[in-house]
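Engineer: I have a structure I would like to understand better, so I am pasting it below and will then ask my questions one at a time.
The values are calculated or read from the model by the stated rules, or taken from the named source; none is laboratory data. Treat the numbers as computed from the prediction; the structure is a model and nothing was measured. Using ideal geometry, Cβ is built from the backbone for each residue, glycine included, and neighbour counts are taken over all protein chains shown. Side chains are part of the model used for accessible areas, which takes the heavy atoms of the whole protein and leaves out ligands, DNA and RNA. Shrake-Rupley method; radii C 1.70, N 1.55, O 1.52, S 1.80 Å.
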Amino acid sequence: MDPTRVDLSALPVVEIELSRLSSVCSPRTSGEDPDHVETLLSAEWDLPPILVHRPTMRVIDGLHRLKAARVRGDTKIQARFIDGTESDAFVLAVEANIRHGLPLSLADRKRAAVQIIGTHPQWSDRRVASATGISAGTVADLRKRGGEGGNEARIGRDGRIRPVDSSERRKQAADLIRNDPGLSLRQVAKQVGISPETVRDVRGRLERGESPTPDGNRRLRTKQHPLTLTEPDLGHELDQERVAVLERLKADPALRLSEVGRILLRMLAMHSMDGQEWERILHGVPPHLYGVVAGFARDHARVWAGFADHLEHRATDLAAR
């Protein structure tokens with residue numbers, strides 16, 4: 001079982017006796033929050049089913065709902081069962097507790113990351129970060145402190161195996177960027193076999209005149225292949241082919257006639273502006289908000305990148321059937 005790809009909503013709901021359930025090994029080290037339990041007790045709507053690891057009968061998600069049920073004097077509660085190993089169940093518990101209800105504290109998320117690094121050492125920093133709600137850089141620091149990192153390759157969020165030591169691939173990416181600065185991050189990443197974020201880092205290093213590898217010389221000794229892009233590429237010439245594709249998408253009944261499809265079309269159209277419009281927006285950001293807006297932009301970019309990864313993974317699955 002891949003705990004990051006389980007569709008929990010598709011699991012059947014059953015009633016189970018409270019006496020059979022265990023609440024040990026929760027990622028929430030502080031235990032139940034009394035105020036949150038009171039909130040659940042006063043709720044006038046049906047609470048969602050809890051999630052239970054069938055082999056151990058441990059509650060993966062729903063400790064506060066379980067506590068509320070016991071306070072009410074209930075003897076049964078609605079639940080969904082999940083199978084798999086205890087380590088995979090722990091990953092599900094962490095993911096569930098950072099996405100809804102009462103969020104895990106930062107300390108709990110870091111402790112969870114350390115445990116997941118130990119049980120899933122083959123996972124990439126980004127994949128652990130996605131499961132625990134902390135940054136990939138923090139995961140990398142935790143991995144170093146724990147002495148982990150001997151694996152030659154790790155599995156990313158998209159399920160692909162990538163080498164940990166990507167120095168050679170970084171150099172290949174640098175060559176591609178130098179020869180064709182117009183290539184997108186994804187195009188370079190696909191050709192070389194590294195993540196788009198790594199390509200972004202390589203491009204930034206080259207723009208600053210640094211080595212494409214973190215362990216290389218800070219400044220390049222020569223500039224035989226200087227970058228031609230010194231300013232951010234805001235799409236000064238709108239890709240007409242992409243505009244044509246977008247128009248075809250707008251006419252596709254599968255998108256045009258569904259609410260989700262119309263939302264997607266609006267989002268795609270919003271980001272398909274020409275360079276002048278991007279420049280106008282760029283210069284319209286107040287200086288005191290540069291950092292805040294940049295942070296939101298990078299967060300949204302990561303969301304889009306993850307969205308693209310999921311779509312590509314689904315397309316690969318369909319092609320393999």
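Engineer: Considering only protein heavy atoms, with the full assembly of protein chains and a 1.4 angstrom probe, order His310, His53 by accessible area, largest first.
Structural biologist: The most accessible residue leads, giving His310, His53.
Engineer: Quick one: how many Å² of Asp35 are accessible to a 1.4 Å probe, rounded to 10?
Structural biologist: Asp35 has an accessible surface of roughly 120 Å² with all protein chains in place.
Engineer: Can you work out the FRET efficiency for the pair Gln78 and Asp252, with r the C-beta to C-beta distance and R0 = 56 Å, to the nearest 0.05?
Structural biologist: 0.90
Engineer: Then there's this: Please check which bits of region 41-59 a label hung off Val13 would reach, taking the label as a point 7 Å along Cα-to-C-beta and the cut-off as backbone N under 20 Å.
Structural biologist: Taking a point 7 Å out along Cα→Cβ of Val13, the residues of region 41-59 whose backbone N falls under 20 Å are 41-54, 59.
Engineer: Could you calculate the FRET efficiency of Arg178 with Val245 from 1/(1 + (r/R0)^6), where r is the beta carbon distance between them and R0 is 30 Å, rounded to 0.05?
Structural biologist: Calculated transfer efficiency: 0.55.
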